[in-house]
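Note sheet for the following structure.
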Amino acid sequence: MRKVIAVFLFALMVPVGLALAESSDAGKYWPQWRGPQATGVSPSGNPPLEWGEDRNVRWKVGIPGKGSATPIVWGDRIYLTSAVQTGEAAPPPPPPEEGQRSSGRRRRGPRGVQPSPQDFVVLALDRSDGQIVWQRTASQSTPHEGHHNDGTFASNSAVTDGEHVYAYFGSRGVFCYDLGGNLKWQKDLGNMRTRLGFGEGSSPALHGDSLIIPWDHEDQSFITVLDKRSGKEIWRDNRDEPTAWATPIVVEQGDKAQIITNATNRVRGYDLESGNLIWESSGMTTNTIPSPVYSDGMVFVTSGFRGNALQAIRLAEAKGDISGGGAIAWTYDRDTPYVPSPLLYGGQLYILKRNNGILTVFDARTGETHYGPQRLEGVRGVYASPVGAAGRVYITSREGTTIVIRQGKEFEVLATNTLEDGFDASMAIVGDTIYMRGNKYLYSIQETE
């Protein structure tokens, strides 16, 4: 049941403005997870084709702490989040909170990396040389639970509107800074209880004055919209969902902005202004991670743990329960991604099989397979999502190899590049530069010859 909070605030708000993707400034930067259009594409980018430790690396700098959040870029700054272990001894775990198992879902014991005291930091770096311009500690705390061995305590990507940076640390809260590093507001949404203690990772979405926060976990899940100027909660909708790590997107359909969420039980579309559910469909697999992508009236959702699921949905026809109905243009039930989100580029949908270097490419409108499953030589484990620019697709492995293929209906490898670092964060492309956040370094890759 929806709990509407301070609905009258809408009367005081300016009407929802343009999406990030529609802003001319946003279009040339990388203001959010999955880029300016939330599809993984840099529409104005023309980055290098080839690089290595001794070629086309303009600079690389060490980043304090650990994080797998994608760098976001605006103007002459790069913004990153990270979790820095303080070195203090970890306290014993707290007893279960009263009511934390109210959902009735069974929780097993913790797995992976256990909690330890952390400084949760936000950094602004100069694009020209990678030097830290400012660094702020948003929170000093010991997380209530750990994370997967491959995860971090700073896996949520930030988002910016060019005036403020919204850093999201999940259970540590949401923090709004101006571009000079001054804290404007912060919001605590409580503690998230993730499946098997795997940790947190979904990112916020930003549209006009609305900051959208997903909160799917093992207790009462919800989605909420905050006023980006004050952090006040505008509405909240409780959801019957287990833990998911998918980031929502916001799209314009007709005269309304819709929030699209991907999750295990149901895929849903909400009215951004009111929170009313517009449509829903059958859900994805367990542990839904990939974010939706949207273009030309169609939204695509995928997942691939303990099963395979892909749905292509025509939003103009999506009303009510669309499961198995005509609004679902086509589906696919094999070789779908577990962690990497799909890439939607030039009318084609690119997906990886689970977390492997095996690629399938579809005609996005019809579902016709152009090629695949195609093994990518030299690419094994993949967590980073593929990105596109200048008629090329970039796919980066956890081991540091990036394969570059030609965007199109036929498979053609253009280059294979290797760096001496591991990569779980997705790359950002701005103009002629690629920014890659590794396990140890942040790289700026640009033609230097």
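Just so it is clear, none of the values below were taken in a lab; they were calculated from the coordinates. Keep in mind it's a predicted model, so treat the numbers as computed, not measured. All Cβ positions, even for glycine, are placed from backbone atoms using ideal geometry, and neighbour counts span all protein chains on display.
Values (i) 55, 49, 45; (ii) 80, 47, 46; (iii) 58, 56, 46 are given for comparison; Cα extents along the principal axes in Å, derived from the coordinates here, is the one labelled (iii). Ranked by the mean number of other Cβ atoms within 10 Å of their residues, highest first, the peptides 47-56, 431-440, 247-256, 212-221 come out as 212-221, 431-440, 247-256, 47-56. Each other residue within a Cβ distance under 11 Å of Thr396 adds +1 if Lys or Arg and -1 if Asp or Glu, for a net charge of -1. With the simple model of a label 7 Å out from the Cα in the direction of the Cβ, Glu163 to Arg354 spans 4.7 nm.
Amide hydrogen proximity for Val430: with H placed 1.01 Å from N in the peptide plane, the residues at 5 or more positions away or on another chain lying under 5 Å are Tyr435. Fully extending the segment from Ser230 to Thr331, taken as 0.36 nm per residue of separation minus the present Cα-Cα distance, adds 32.3 nm. In straight-distance terms, cross-link reach from Lys184 covers every one of the lysines whose alpha-carbon lies under 24 Å from its own, apart from those fewer than eight places away in the same chain; here that gives Lys228, Lys232. All other residues whose Cβ lies under 13 angstrom from that of Leu49 are scored, Lys and Arg at +1 and Asp and Glu at -1, for a net of -2. The HN-Hα couplings worked out from phi for the stretch 335-341 by the Karplus form 6.51 cos²θ - 1.76 cosθ + 1.60 (θ = phi - 60°) are 6, 9, x, 8, 9, x, 6 Hz, whole numbers, x standing for Gly and Pro.
For the stretch 318-449, count the residues as N, evaluate 2.2 N^0.38 Å, and divide the Cα radius of gyration by that value, please. Write out the running numbers ahead of the final one.
Working: Rg = 15.8 Å, N = 132, 2.2 N^0.38 = 14.1 Å.
Compared with the compact-globule rule of thumb, the stretch 318-449 sits at 1.13.
Work through the residues other than Asp333 whose Cβ is under 15 Å from its Cβ and net out their charges, Lys, Arg +1 and Asp, Glu -1. Combined, the nearby Lys, Arg, Asp and Glu give +3.
Cβ neighbours within 10 Å, averaged per peptide: list 384-392, 326-334 in order, most packed at the top.
Values: 384-392: 22.3, 326-334: 15.3.
In decreasing order of mean packing, 384-392, 326-334 become 384-392, 326-334.
The string of couplings for the stretch 271-276 from the Karplus curve (6.51, -1.76, 1.60, θ = phi - 60°) is 5, 4, 6, 9, x, 5 Hz, one whole number per residue in order, with x for Gly and Pro. Since only Thr224, His164, Trp235 are under comparison, the one whose Cα sits farthest along the positive direction of the charge dipole of the stretch 135-260, derived from C-beta charges on Lys, Arg, Asp and Glu, is His164. Measuring how big the stretch 252-331 is from its alpha-carbon positions, Rg and Dmax come out at 11.8, 38 Å. Could you give the nm distance between label points at Ile132 and Asp296, where each point is 7 Å from its Cα heading toward the beta carbon? Taking the two extended label points, one gets 4.6 nm.
Seen through its C-alpha gyration tensor, with square-root eigenvalues sorted a ≥ b ≥ c, the stretch 187-246 comes out prolate because a/c lies at 1.5 or above while a/b is bigger than b/c. Taking a straight Cα-Cα cut-off under 17 Å and skipping sequence neighbours fewer than 8 places away in the same chain, the lysines within cross-link reach of Lys66 are Lys440. For Gln118, the residues whose amide H sits under 5 Å from its own are Thr86, Ser141, Thr142, ignoring neighbours fewer than 5 places away on the same chain, with H placed 1.01 Å from N.
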